[in-house]
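What follows is a set of notes on a single structure, which appears directly below.
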Amino acid sequence: MELRQLEAFISIATLRSFRAAANRLNVTQPAISARLRSLEDELGKELIDRSGPEIRLTGSGAELLPYAEKIIDFAQQLKGTASGKIRARRFVRLGATNTIVSSWLPQLMSEVLETMPYLDMEVVMDTTRRLRELLSAGELDIAMLSGPLHEKGIRNVPLSAYPNQWIVGRNSPVGDAAMTLDELAAFPIVTYARDSGTFSSLEELFRLNGLWPVRLNSCSSSEAIIRVVERSHAIGLVSSACLDFGEQRHGVRLLQMDFHLPTYEFFAAYHLDAVGRIGMAIAEIARRIANSESPGSLFPGPIATSG
C-alpha cells in the first residue's frame, strides 16, 4: 500500500470527480484511476461506485475513508518530525477576487505565513465565475469569492458583505446631489471585469431602463479604477472593501445615487479533504480579519461623502 494510492482515494472521495482529483494531485486522470484500482485490488474492496452518473463512495469506501485520512496525517507528521520541523512542507493554492486582493488579502497572507511556517502559498486573482471553475476542477484549494459554492466536498465560510461604492475625482464637475440613472448615463463609467457580478448588474440596470448603450468600461483592478477616476472625469464603481483598507488617498470623493445595486456577500470556500484542513484554518483567519477591520481607513478626514 502506497501513500499516493491513499491520497488518490481521498481526493476522489471528497471531490467526487476523477478529473478534479487528478488536478488536485497534479497527475493525469489515467494515473489517478490506476492508483485507485491498485488500492482496491490490494484491499479486496471496491471503494468508489462508478456505476451511476455520479461518483460516490461504496459502503466499504465510507468505512475506510477516515482511516486513509489518518494514515496520511500520520505520514505527514512522521516526515515533519524526521526532518526536524514541526510539520512537513505543505503547498496550498488560494484564489481571490480583486475585491479581496485590494483590501485585506495582504493581512491574511502575512498572518498565514507567520503562523504556518510550513506552508507555501500560490495566490491566483480572478473573477468569482472563474474561481468557481478552478475550485470545482480541483485547481484551487481555497477561494475567497462572492457567494457560496454549493458542491459536494466543499464547505463555505461566510466572511463579510460589501456594497459597491460610487467614486468621482475630487476635481470633477459632478456635484454633491444624488445622481439619477439618467444623469449617470451621460458619463463614462469604470468598473470591474465584464464577467463580474458588478458589471452584469449595472449593464442590466441600464438596459432595463432603456438607457443602453452607455460608456461602460471594465477593469479587473480596483487600484486601477481608482487611479483612472482620480485622473479623469469618469465615474467609478468599486467595492466598499477597497475603500476601507489600504494607504491613504485624497484624489477622489464618494457619490450617492438615487438607485441601488446589489450588496455582495463574500465566502471562503475550500475542499473537505486532508489539504482542506489547511483551507479550514485559512478560512477562519480570513473570517476574523474580514469582521475585525474598521471601515473608512482609506479616506480619513478630507474625503467628502456627497448627500
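Please list the radius of gyration and Dmax for the range 150-231, considering alpha-carbon atoms only, with Å as the unit.
Cα radius of gyration and Dmax of the range 150-231 are 15.6, 52 Å respectively.
Can you give the helix-only mean residue ellipticity at 222 nm for the chain, where every DSSP H stretch with n ≥ 4 adds -39500 (n - 2.57) and the sum goes over all residues, rounded to the nearest 500 deg cm²/dmol?
For the chain, the value works out to -13000 deg cm²/dmol.
If R₀ is 51 angstrom, what is the calculated FRET efficiency for the pair R16 and A177, using the beta carbon separation as r and rounding to 0.05?
Given R0 = 51 Å and the Cβ-Cβ separation, E is 0.40.
Could you order peptides 225-235, 104-114, 47-57 by the average number of other Cβ atoms within 10 Å of their residues, highest first?
Put in order of decreasing packing, that is 225-235, 104-114, 47-57.
With unit charges on the beta carbons (Lys and Arg positive, Asp and Glu negative) and the dipole taken about the Cα centre of the chain, which residue among I282, V252, A68 sits farthest to the positive side?
Of I282, V252, A68, it is A68.
Here are some values of Rg/Rh (Cα atoms, Kirkwood Rh): (1) 0.98; (2) 1.05; (3) 1.08. Which one was computed from this structure?
Checked against the structure: label (3).
Starting from the Cα-Cα distance between W212 and R56, subtract it from 0.36 nm times their residue separation and give me the gain in nm to one decimal.
Length gained between W212 and R56: 51.4 nm.
Going by how many other Cβ atoms sit within 10 Å of their own, how do Y162, Y118 line up, fewest first?
So the residues, fewest neighbours to most, are Y118, Y162.
Report the charge-dipole magnitude of the chain in Debye, nearest 20, computed about the Cα centre from +1 at each Lys and Arg Cβ and -1 at each Asp and Glu Cβ.
Charge dipole, the chain, about its Cα centre: 460 debye, nearest 20.
Readers should treat all values here as calculations from the given coordinates under stated rules, not as data from a laboratory. Since this is a predicted model, take the numbers as computed values, not measurements. In this analysis, Cβ positions are derived from the backbone assuming ideal geometry, glycine residues included, and neighbour counts consider all displayed protein chains.
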